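Written below as structure tokens is the structure these notes are about.
The values are calculated or read from the model by the stated rules, or taken from the named source; none is laboratory data. Source: prediction; values computed, not measured. Positions of Cβ are backbone-derived with ideal geometry, glycine not excepted, and every protein chain shown enters the neighbour counts.
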Amino acid sequence: MRDLLLIGDATDEMKGRFAEKFTIHNLYDNRDPTAWLKQHGSKISYVATNGHDGVRPAFVDAMPNLKVISCYGVGYDSIDTAQAVARGIPVTHTPNVLNSEVASTALLLTLACYRNFLADEAHVRSGDWESKGNAPLSRSADNQTVGILGLGRIGQAIADKFVPFNSKIVYHARNKKSVDYTYYDNLTEMAQICDVLICITPGGAATHNLVNEAVLNALGPNGTLINVGRGSVVDEQALIAALAEGRLGWAGLDVFATEPKVPAALRALSNVVLLPHVGSATEETRAAMGNLTVDNILQHLKDGTVISPVPECAHL
Ligand code: NAP
Ligand code: 8YV
């Protein structure tokens, strides 16, 4: 049996499939992962990790016989692809199989901000409806201008989910696409005409704090920011200040700068809806992501190729 290193969590189905071909070592079962890798790293030929844990460059250095890094997630900003390419190690991820689920999460977060259902539900549960009367009116999510920051695979699925709401879709990305929506090459200008701005770009240095104070001010007191991409894309301190001072209306967030830490100042605000990074977290979608994560490794074991390499590794 070959040896596979599992970093972070995986489903029972993934572990069962891996166990048919590999001896599985869960890195974080070891009190000192660095010391464990120093002793055993040379026997590891495959790594399965996830978008959150990734794999530290020093860990990759400690595995001289590593053949593939398979990521259980589409975002791979926690993996150093330059290091992997230099070593000739393909990094794989799970594109497309989660598009619809993450798009649903973006839509649900938007509706939660607009329709105030969380507060309304608490109003019933607490008995306030009976003792204090009707809940305040909320806002209609129909006929809004929805700006998508990152019109890629998931961004397009988000645009599709908003069709029944008669939304006007606009977008910002690095490149203009062949679509009917209006393209803005300047994010702040786009934010000025948006009711809702939805972030769905990858994380990493190129998108770090792309949504800054100027963008939040442009979105304005009646605007709603939704982030289902990566926490690093939004300047979290500027976001907290804008929400607290009423310069931004609402925010629906699935991702945060330093997960799972969420600043107390953000948790204290009433004009936010906060989720624990569950954009793709349904049984069905995680099963599909898990299968693709395993399939990439099993195919490599069989014929030396992978199914879904990240773009940087497509040539390997
Ligand atoms: P994708 O198809 O590669 O799309 C990414 C989009 O972001 C593209 O439109 C790209 O523009 C744009 N973009 C990249 N860098 C940019 C920059 N510097 N400035 C402006 N736009 C930029 O990726 P995807 O499959 O849709 O996934 C997107 C991301 O969503 C993932 O990387 C991950 O971080 C996040 N995600 C989160 C969850 C969750 O649970 N919350 C789940 C899945 C994914 P161009 O097309 O012009 O290059
Ligand atoms: C997962 C994600 O939560 O795919 C991504 O990029 O952020 C989510 O689907 C994450 O990768 C954990 O596996």
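How about segment 75-112: which of its residues are within 30 Å of Ala62 (Cα to Cα) and β-branched (Val, Ile, Thr)? Give the steps one after another, and end with the answer.
Here is the first cut: in segment 75-112, the residues within 30 Å of Ala62 (Cα to Cα) are 75-95.
Listed by number, the residues that qualify are Ile79, Thr81, Val85, Ile89, Val91, Thr92, Thr94.
Based on what the data block shows, is Thr293 in contact with a Ser or Thr (Cβ under 7 Å, 6 or more places away or on another chain) and either crowded, with 19+ Cβ neighbours inside 10 Å or among the acidic types (Asp, Glu) (or both)?
On the way: in contact with a Ser or Thr (Cβ under 7 Å, 6 or more places away or on another chain): yes; either crowded, with 19+ Cβ neighbours inside 10 Å or among the acidic types (Asp, Glu) (or both): yes.
Spelling it out, Thr293 is indeed in contact with a Ser or Thr (Cβ under 7 Å, 6 or more places away or on another chain) and either crowded, with 19+ Cβ neighbours inside 10 Å or among the acidic types (Asp, Glu) (or both).
Being out of contact with any Gly (no Cβ under 6 Å at 6 or more places or on another chain), within 16 Å of ligand 2 (Cβ to nearest atom), within 30 Å of Lys177 (Cα to Cα) and in a strand (DSSP E or B), is that true of even one residue in segment 105-117? Within segment 105-117, not a single residue is out of contact with any Gly (no Cβ under 6 Å at 6 or more places or on another chain), within 16 Å of ligand 2 (Cβ to nearest atom), within 30 Å of Lys177 (Cα to Cα) and in a strand (DSSP E or B).
Yes/no matrix, rows are residues, columns are (1) more than 16 Å from ligand 1 (Cβ to nearest atom); (2) over 22 Å from the mean Cα position of the chain (by Cα); (3) under 29 Å from Ile69 (Cα atoms); (4) surrounded by 13 or more Cβ atoms within 10 Å (Cβ to Cβ):
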position: Val85; (1), (2), (3), (4): yes, yes, yes, yes
position: Val91; (1), (2), (3), (4): no, no, yes, yes
position: Ser104; (1), (2), (3), (4): no, no, yes, yes
position: Ala112; (1), (2), (3), (4): no, no, no, yes
position: Ala119; (1), (2), (3), (4): yes, yes, no, yes
position: Asp142; (1), (2), (3), (4): yes, yes, no, no
position: Tyr183; (1), (2), (3), (4): no, yes, no, yes
position: Leu187; (1), (2), (3), (4): no, no, no, yes
position: Val196; (1), (2), (3), (4): yes, no, no, yes
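Any residue at all in segment 93-110 that is touching a strand residue (DSSP E or B) at 6+ places or on another chain (Cβ under 6 Å) and either without any contact (Cβ under 8 Å) to a residue 24 or more places away in the chain or more than 28 Å from Asp195 (Cβ to Cβ) (or both)?
Looking for residues that are touching a strand residue (DSSP E or B) at 6+ places or on another chain (Cβ under 6 Å) and either without any contact (Cβ under 8 Å) to a residue 24 or more places away in the chain or more than 28 Å from Asp195 (Cβ to Cβ) (or both), one finds at least one in segment 93-110, hence yes.
The residue list Asn65, Asn26 contains one member that is assigned by TED's automatic domain parsing to the domain that holds His300, in contact with a Ser or Thr (Cβ under 8 Å, 6 or more places away or on another chain) and surrounded by fewer than 20 Cβ atoms within 10 Å (Cβ to Cβ), which is Asn65. In segment 132-150, the residues that are more than 15 Å from Phe117 (Cβ to Cβ) form no Cβ pair under 7 Å with any partner that is at pLDDT below 95 and within 16 Å of ligand 2 (Cβ to nearest atom), whether six or more places apart or across chains.
Listed conditions (1) within 16 Å of ligand 2 (Cβ to nearest atom); (2) within 23 Å of Ala82 (Cα to Cα) are all met by His315, apart from (1).
Please state which one of Ser45, Ser70 is more than 27 Å from the chain's Cα centre (by Cα), of a type outside the set (D, E, K, R), outside any loop (DSSP other than H, G, I, E, B) and within 25 Å of Asn291 (Cβ to Cβ).
On the way: Ser70 fails: more than 27 Å from the chain's Cα centre (by Cα).
It is Ser45.
Against the condition of a type in the set (A, V, I, L, M, F, W, C), surrounded by 17 or more Cβ atoms within 10 Å (Cβ to Cβ) and in the same structural domain as Asn116 (by TED's automatic domain parsing), how does Ala205 come out, does it pass? Spell out the reasoning first.
Values: of a type in the set (A, V, I, L, M, F, W, C): yes; surrounded by 17 or more Cβ atoms within 10 Å (Cβ to Cβ): no; in the same structural domain as Asn116 (by TED's automatic domain parsing): yes.
When the stated conditions are applied, Ala205 does not pass them.
Residue count for segment 272-285, restricted to those that are more than 14 Å from ligand 1 (Cβ to nearest atom) and either acidic (Asp, Glu) or surrounded by fewer than 15 Cβ atoms within 10 Å (Cβ to Cβ) (or both): 2.
Provide a single number: the residues in segment 146-166 that are more than 10 Å from ligand 1 (Cβ to nearest atom) and under 23 Å from the mean Cα position of the chain (by Cα). Before the answer, list the steps.
Taking segment 146-166 as the starting set, the residues that turn out to be more than 10 Å from ligand 1 (Cβ to nearest atom) are 146-147, 159-166.
Adding the requirement that they be under 23 Å from the mean Cα position of the chain (by Cα) leaves 146-147, 159-163.
Number satisfying all stated conditions: 7.
Criterion applied to Ala238, Ala242, Ala288, Ala251 was being of a type in the set (Gly, Ala, Ser) and surrounded by fewer than 19 Cβ atoms within 10 Å (Cβ to Cβ), and the one residue passing it is Ala288.
For Arg286, the test of being of a type in the set (D, E, K, R) and within 16 Å of the chain's Cα centre (by Cα) is passed. Check segment 155-177 and report whether any residue there is outside any loop (DSSP other than H, G, I, E, B), among the hydrophobic types (A, V, I, L, M, F, W, C), in contact with an Asp or Glu (Cβ under 7 Å, 6 or more places away or on another chain) and over 22 Å from Asp235 (Cα atoms). Scanning segment 155-177, I find at least one residue that is outside any loop (DSSP other than H, G, I, E, B), among the hydrophobic types (A, V, I, L, M, F, W, C), in contact with an Asp or Glu (Cβ under 7 Å, 6 or more places away or on another chain) and over 22 Å from Asp235 (Cα atoms), so the answer is yes.
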